[in-house]
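Everything on this sheet refers to the single structure shown next.
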Amino acid sequence: MQSSLRIQKVSIKAESLEGNMLGDSTSRDIALISHNFDDESPVLIGLAGFFGSGVSFLNRSYSSQDFISTLEKICLAEPETSFMIALPDSMTSFFGNQYLNTPAVGNYEDFIVKDVAGYIENKFGKRKVGVFGKSSGGFGAYNLTIRNPTLFSGFVDVSGDSAFEYCYLRDFPDSIAAFRRDGIELFLENFRKSPTHKPTDLRAMGIAAMTAFYSPSMTEDGKLDLPFDITTGLIDYKVWNRWLKFDPARSVKSHIEALRNKKIILQVGSHDEFSINIGMQSMHEALKSGGIDHEYREYDEGHFSIEYLYEYSLPKLISYLHKVK
């Protein structure tokens with residue numbers, strides 16, 4: 001069956017990324033997926049999970065329901081629905097993104113809210129905008145909304161990083177071993193050169209990247225303040241507390257008013273391999289205590305191959321954006 005989706009690619013000059021420490025390109029592609037797009041259609045910005053980018057949403061799967069198949073099912077069920085989805089290239093030399101501004105990586109919050117959203121407004125006019133993502137993308141969707149509440153009218157967070165002590169600490173031992181072996185700079189150099197990676201090294205790269213976003217050195221450009229002592233292996237609580245300031249399970253209580261009168265959908269698997277269900281349950285309780293209207297849905301799933309969850313949440317976000325003033 002021929003798809004009713006229109007997919008095109010545009011390239012933009014990301015001024016927010018000029019001069020980034022890693023020398024990553026400022027020329028960025030955005031995949032645009034539209035259906036019945038007209039003057040009233042809202043735009044959703046989709047944020048990829050770690051080790052992924054905008055084009056990852058376009059990957060076809062033959063073992064599970066992929067993102068494009070999910071959109072096609074949405075359009076088949078609601079043929080009159082109209083929307084555009086913008087999927088920006090957010091890849092970095094740390095192999096992923098948390099969608100924050102950081103001197104160690106670049107201004108990726110600004111990239112989304114100024115370069116990507118700015119392109120959309122300049123090209124298609126001012127519209128209602130929502131944001132969604134899974135894993136690191138879900139973390140980004142939440143954080144971008146609380147920090148830019150006038151831009152985003154709602155978000156979908158699928159298994160977004162939260163309750164950091166559960167989702168990150170488990171990767172510290174492999175990271176300590178890798179950084180002891182090579183030192184962090186040589187580890188990063190070798191990882192970037194290698195055509196393949198062991199699971200232990202993937203975990204170490206993830207922690208290196210989180211360090212670059214949450215605790216870049218405050219004294220040396222391009223350096224990282226690790227949340228543990230490489231020699232002793234013990235947690236450096238001064239640095240770890242810097243990480244916790246970004247934890248949605250903790251920060252949500254301080255951003256209740258920024259989340260009022262928005263469409264909020266939280267989705268997570270009850271068997272999440274990173275125990276993210278614990279953090280998202282905590283977010284749910286905080287939102288409920290703060291009187292924030294939202295949906296929290298937990299599924300008999302893990303962390304991976306759950307793009308089909310968008311079949312429930314994206315139509316609700318799109319419908320809300322059509323109605324909100």
> What pairs come up if the first residue lies in region 1-28 and is touching a residue at least 40 places away in the same chain (Cβ under 8 Å) and within 20 Å of Ile120 (Cβ to Cβ), the second is part of a helix (DSSP H, G or I) and among the aromatic types (Phe, Trp, Tyr), and their beta carbons are under 7 Å apart, counting only those six or more places apart or on different chains?
Replying inline: Ile12/Tyr119; Ala14/Phe111; Ser16/Phe111; Leu17/Phe111
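Are any residues in region 128-148 assigned to a helix (DSSP H, G or I) and under 17 Å from Ser313 (Cβ atoms), and if so, which ones? Before the answer, list the steps.
If we filter region 128-148 for residues that are assigned to a helix (DSSP H, G or I), which is where we start, we get 136-147.
Correct list: Gly137, Gly138, Phe139, Gly140, Ala141, Tyr142, Leu144, Thr145.
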> If you go through region 169-186 one residue at a time, do you hit one that is hydrophobic (A, V, I, L, M, F, W, C) and either within 30 Å of Arg6 (Cα to Cα) or touching a Lys or Arg at 6+ places or on another chain (Cβ under 8 Å) (or both)?
Replying inline: no
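Need at least 2 residues that are closer than 24 Å to Glu301 by Cα and either polar (S, T, N, Q) or in contact with a helix residue (DSSP H, G or I) (Cβ under 8 Å, 6 or more places away or on another chain) (or both) per element, so show me which strands (runs of 3 or more DSSP E) inside region 1-117 make the cut, counting only ones lying wholly within it.
On the way: elements: 6-13, 27-35, 43-47, 83-88.
Once the strands (runs of 3 or more DSSP E) in region 1-117 are filtered for at least 2 residues that are closer than 24 Å to Glu301 by Cα and either polar (S, T, N, Q) or in contact with a helix residue (DSSP H, G or I) (Cβ under 8 Å, 6 or more places away or on another chain) (or both), what remains is 43-47.
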> Restricting attention to region 85-102, does a residue exist that is assigned by TED's automatic domain parsing to the domain that holds Tyr142, surrounded by fewer than 16 Cβ atoms within 10 Å (Cβ to Cβ) and either at pLDDT below 95 or not hydroxyl-bearing (Ser, Thr, Tyr) (or both)?
Replying inline: yes
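For (1) in contact (Cβ under 8 Å) with a residue 24 or more places away in the chain; (2) buried (at least 21 other Cβ atoms within 10 Å of the Cβ); (3) under 18 Å from the mean Cα position of the chain (by Cα), each residue gets a yes or a no:
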| residue | (1), (2), (3) |
| --- | --- |
| Leu144 | yes, yes, yes |
| Asp157 | yes, yes, yes |
| Phe172 | yes, no, no |
| Arg180 | yes, no, no |
| Lys198 | no, no, no |
| Arg203 | yes, no, yes |
| Met210 | yes, yes, yes |
| Asp221 | yes, no, no |
| Phe228 | yes, yes, no |
>> Given the condition hydroxyl-bearing (Ser, Thr, Tyr) and farther than 30 Å from Ser153 by Cβ, answer yes or no: does some residue in region 237-251 qualify?
In response: yes
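The values are calculated or read from the model by the stated rules, or taken from the named source; none is laboratory data. Computed from a predicted structure; not experimentally measured. Ideal geometry is used to build each Cβ from the backbone, glycine not excepted, and the neighbour counts take in all protein chains shown.
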